[in-house]
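Okay, so here's the structure we're looking at.
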Amino acid sequence: MGYKQARLRRLNDRPSRREGDYVLYWMQIFRRLERNHALDYALVCAEVLGKPLVVYEGLRLDYPWASRRLHRFILEGMEANAERAEKLGLNYWPFVETERGGGRGLLRRLSERACVVITDDYPCFIVPGQSAALAGKAEVPVMAVDSNSLVPVSLLGAPVSAAAHLRPRIHRAFAEAWPHRASKRPKIPDAARKRVRAPFDVWRAKDVAAFVDGLPLDASVPPVSGTPGGTPAARKRLRRFLKRRLDGYAEHRSPPRSLEEGHASGLSPYLHFGHISIEEVVEAVLATTGDWSPEELRIHNRGKREGFFCDDHDVNSFLDEALTWRDVGLNWHWSRREDAQRLETALPPWALETLGAHAGDERPWLYTPEELEAGATHDPLWNAAQRELVATGVIHNYLRMLWGKKVLEWSPSPAEAYRTLEHLNNKYALDGRDPNSYTGILWCFGLFDRPWAPERKVFGRIRYMSSENTARKFNLKPYYAYVEGLPAIEEIRSGAGA
Ligand SMILES: Cc1cc2nc3c(=O)[nH]c(=O)nc-3n(C[C@H](O)[C@H](O)[C@H](O)COP(=O)(O)OP(=O)(O)OC[C@H]3O[C@@H](n4cnc5c(N)ncnc54)[C@H](O)[C@@H]3O)c2cc1C
């Protein structure tokens with residue numbers, strides 16, 4: 001196992017039960033059947049024990065911010081996984097709750113027949129709590145496997161206070177991690193393929209859209225068109241990015257544009273739900289440049305944004321987001337867990353101090369969370385960004401920063417601003433509920449940043465952003481035109497815009 005040991009965490013100390021019927025892989029967030037370290041490990045266990053492997057992927061009705069939008073995306077992924085499992089010859093057991101509590105106790109019952117349970121090690125949302133709950137009850141070992149990023153998160157070291165501190169650590173570990181990527185196509189030993197009948201009706205839907213519409217879910221967050229879930233859809237988006245958007249990424253990612261017109265990859269929903277592995281993305285992006293090899297990384301540029309992987313400006317820029325910035329959130333959550341998400345424990349002392357000193361400042365504009373959710377502010381750019389988020393489940397990266405900063409400015413307190421942002425981001429964004437949801441929002445309050453001058457009202461020394469400056473910096477006409485073509489927020493929330 002060697003290097004891969006760094007990805008493994010034992011969640012209880014129960015002895016393995018060799019007489020069990022199968023090895024159980026409980027897929028919670030790395031929702032894919034290829035390039036998945038957790039699946040690879042489960043297959044090794046099945047081979048060593050000479051047992052079938054069962055992949056169980058479940059979906060409850062009551063996860064926080066559950067909606068038709070999130071359900072549809074996840075279920076499209078499950079539909080694709082069912083097809084893939086059939087081809088690979090894997091026992092794949094999808095379970096979808098159709099009434100609240102319908103799945104209660106199911107996982108525990110499945111674990112009672114297992115030799116060992118393998119699951120995903122992800123430091124955010126409901127995953128750590130769910131895994132710990134099963135580990136506490138199960139009579140067999142529960143092992144969590146980290147398939148979050150290219151470098152195992154446990155090797156990234158102590159949480160950093162700035163991306164600049166993590167970049168050299170990733171660069172240092174990259175060459176060693178590279179040969180240990182998860183299997184492109186998992187090797188399935190004969191024993192693992194042996195058929196096992198599921199003790200429940202596995203989920204199958206002829207029409208995922210109609211199925212989701214029939215579930216008791218929040219209908220005010222409808223599914224989005226244009227971003228279907230699943231590994232095949234993720235790969236299609238990756239291919240389009242490589243063909244049309246990577247070229248020019250460094251220069252043109254920031255100007256606000258639709259996904260179609262801009263240079264962002266639009267991969268974050270797929271990365272969040274694990275429909276695609278960051279290893280596959282990095283491999284594909286690096287393959288576009290002829291001048292790179294893992295043996296010839298430019299060590300003299302270690303820790304720099306430019307020139308470490310290759311000479312291609314766009315590739316280096318993309319990898320800095322997809323590796324450095326994405327891993328910042330994972331690293332931050334890995335050891336800090338809940339503390340990673342609380343203003344008072346997450347923010348650096350200077351940020352807490354300056355926000356505290358300006359807590360009593362008069363706010364020229366004050367909005368309730370409901371007004372913000374409805375995109376009913378005096379600021380057309382902010383309202384447009386909110387409309388994009390509500391209508392498409394995506395929000396342009398540059399505007400997302402402005403969007404967060406303004407909520408801080410227009411809320412009665414930083415604590416209320418933070419609650420509002422967490423709620424809106426996690427409710428509407430397909431990529432929400434992620435380590436980077438929290439680090440992204442907290443960045444708006446000073447995390448991973450430094451004090452800025454001049455000291456301002458409400459913000460104190462927190463970096464300030466304004467719609468006026470954004471309008472000076474970029475031509476916003478194409479963005480406004482794009483948003484004008486989207487359904488209005490009230491139409492969407494009433495279900496009419498779906
Ligand atoms: C207020 C706020 C909230 C945010 N909430 C989320 C969130 O819920 N989920 C989320 O994944 N990201 C979040 N981010 C970070 C960033 O906005 C998104 O990752 C990015 O816009 C996703 O679009 P993309 O896939 O087209 O990015 P690309 O530019 O194509 O980048 C490729 C990948 O790199 C990673 N990445 C890019 N930018 C960042 C960044 N600034 N921080 C961390 N990782 C990054 C993402 O995984 C992304 O998919 C937030 C940022 C802010 C300011």
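The values are calculated or read from the model by the stated rules, or taken from the named source; none is laboratory data. Computed from a prediction, not measured in an experiment: that's the story for all the values here. Glycine gets a Cβ as well: all are built from the backbone with ideal geometry, and neighbour counts include every protein chain shown.
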Inset, instruction - Would you check if there is a residue in region 326-333 being away from the ligand (no atom under 16 Å from the Cβ), in contact (Cβ under 8 Å) with a residue 12 or more places away in the chain and either surrounded by fewer than 18 Cβ atoms within 10 Å (Cβ to Cβ) or not charged (D, E, K, R) (or both)? - result: no
Legend entry - Total residues in region 402-458, condition touching a Pro at 6+ places or on another chain (Cβ under 9 Å) and acidic (Asp, Glu): 4
Inset, instruction - Could you tell me which of the residues Leu297, Leu286 is out of contact with any His (no Cβ under 8 Å at 6 or more places or on another chain) and surrounded by fewer than 21 Cβ atoms within 10 Å (Cβ to Cβ)? - result: Leu286
Legend entry - Whichever residue in region 1-16 is at pLDDT below 90 and out of contact with any Cys (no Cβ under 7 Å at 6 or more places or on another chain) and, among such residues, is nearest to Asn36 (Cα to Cα): Lys4
Inset, instruction - Tell me which of these Glu388 doesn't satisfy, since it passes every other one: (1) assigned to a helix (DSSP H, G or I); (2) within 12 Å of the ligand (Cβ to nearest atom); (3) under 24 Å from Ala351 (Cβ atoms). - result: (3)
Inset, instruction - Pick out, from region 119-214, the helices (runs of 4 or more DSSP H) lying fully within it that include 1 or more residues that are outside the structural domain of Ala322 (by TED's automatic domain parsing) and under 17 Å from Phe30 (Cα atoms). - result: 127-137
Inset, instruction - Sort out which residues of region 241-280 are closer than 28 Å to Ala177 by Cα, more than 9 Å from the ligand (Cβ to nearest atom) and either in a helix (DSSP H, G or I) or within 14 Å of the chain's Cα centre (by Cα) (or both), and write them in order of number. - result: Leu242, Lys243, Ala250, Phe273, Gly274, His275, Ile276, Ser277, Glu279, Glu280
Legend entry - Odd one out for Arg305, checked against (1) within 14 Å of the ligand (Cβ to nearest atom); (2) without any contact (Cβ under 8 Å) to a residue 60 or more places away in the chain; (3) part of a loop (DSSP other than H, G, I, E, B): (2)
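Residue-wise test of (1) assigned to a loop (DSSP other than H, G, I, E, B); (2) surrounded by fewer than 22 Cβ atoms within 10 Å (Cβ to Cβ).
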residue: Tyr3; (1), (2): no, yes
residue: Arg18; (1), (2): yes, yes
residue: Phe30; (1), (2): yes, no
residue: Ala38; (1), (2): no, no
residue: Gly58; (1), (2): no, yes
residue: Val117; (1), (2): no, no
Legend entry - Residue within region 350-357 that is under 23 Å from Trp65 (Cβ atoms) and within 16 Å of the ligand (Cβ to nearest atom) present: no
Inset, instruction - Give just the number: which of (1) in a helix (DSSP H, G or I); (2) under 19 Å from Ala322 (Cα atoms); (3) within 7 Å of the ligand (Cβ to nearest atom) does Gly404 not satisfy? - result: (2)
Inset, instruction - Inspect region 473-494 for any residue being under 27 Å from Ala162 (Cβ atoms) and either assigned to a loop (DSSP other than H, G, I, E, B) or among the hydrophobic types (A, V, I, L, M, F, W, C) (or both) and give the result as yes or no. - result: yes
Inset, instruction - Just give me the residues in region 53-98 being among the hydroxyl-bearing types (Ser, Thr, Tyr) and farther than 16 Å from Ala210 by Cα, in sequence order. - result: Tyr56, Tyr63, Tyr92
Inset, instruction - Taking only region 408-442 into account, find how many residues are of a type in the set (A, V, I, L, M), more than 9 Å from the ligand (Cβ to nearest atom) and free of Cβ contacts under 8 Å to residues at least 60 places away in the same chain. - result: 3
